[in-house]
Amino acid sequence: MERLTKDEFLGAIDRITTVCARQRISQLVSRRDYSQLETSRRLRDDGFSEEEVQAAVEHASSIGLVSNERFADAFIRGKVFAGWGMQRIERELASRGIEARELKGWPYEYLDPDDEFERAMQIAQRKTVREPNAYAKLARFLMNRGFTYSIASSVAKEVLES
């Protein structure tokens, strides 16, 4: 059996680590898309060094395995369908390292900002509120969904009046 020098051994470990990091990214994206920041966090949580994480994420991005644009598109479409407002979508994207205002087509390709009131109204009408603090609870519910205070307040008043 041939003995390796220290440098050869460390080089082999580096190559193995690179392969492991790339395989981990493949495993992650086989289930759903991830942003670059999320991918980096997952690799760090798995114990990879900062250098290994950066190299693996850059490689995955360069070959299209990880794409902020693709992730954001799928994320936004899913959250609009779930009834989220613009503010919450923007906030959640930012927590994943993506600035919504820099995305091509945001927000008009996904929703009409002028229809936020109508969207909030549809969501509020499906919500059952029977408590003494119905207005506050409904307004808070809508704001947690990502609608502005003015929209949430107006919708809550209108729903409770009717």
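Couple of notes before you dig in:
- Residue in the stretch 53-64 that is at pLDDT 95 or above, surrounded by 18 or more Cβ atoms within 10 Å (Cβ to Cβ) and within 30 Å of R126 (Cβ to Cβ) present: no
- Yes/no for R24 being surrounded by 11 or more Cβ atoms within 10 Å (Cβ to Cβ), under 20 Å from the mean Cα position of the chain (by Cα), more than 18 Å from I98 (Cβ to Cβ) and charged (D, E, K, R): yes
- Helices (runs of 4 or more DSSP H) contained in the stretch 54-162 and holding at least 3 residues outside the structural domain of Y34 (by TED's automatic domain parsing) and over 22 Å from T39 (Cβ atoms): 86-95, 116-126, 134-144, 149-161
- Hey, E38 touching a residue at least 24 places away in the same chain (Cβ under 8 Å), charged (D, E, K, R), in a helix (DSSP H, G or I) and closer than 19 Å to G97 by Cα or not: yes
Conditions tested, residue by residue: (1) at positive phi; (2) crowded, with 20+ Cβ neighbours inside 10 Å; (3) among the small types (G, A, S); (4) at pLDDT below 95.
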| residue | (1), (2), (3), (4) |
| --- | --- |
| N68 | no, yes, no, no |
| G97 | yes, no, yes, no |
| L103 | no, no, no, no |
| P113 | no, no, no, yes |
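- Candidates F117, F71, F75, filtered to the one that is farther than 30 Å from A21 by Cβ and of a type in the set (F, W, Y): F117
The values are calculated or read from the model by the stated rules, or taken from the named source; none is laboratory data. Owing to the predicted nature of the structure, the values given are computational and were not obtained by experimental measurement. Reconstructed Cβ throughout: ideal geometry from the backbone, glycine too, with neighbour counts over all protein chains shown.
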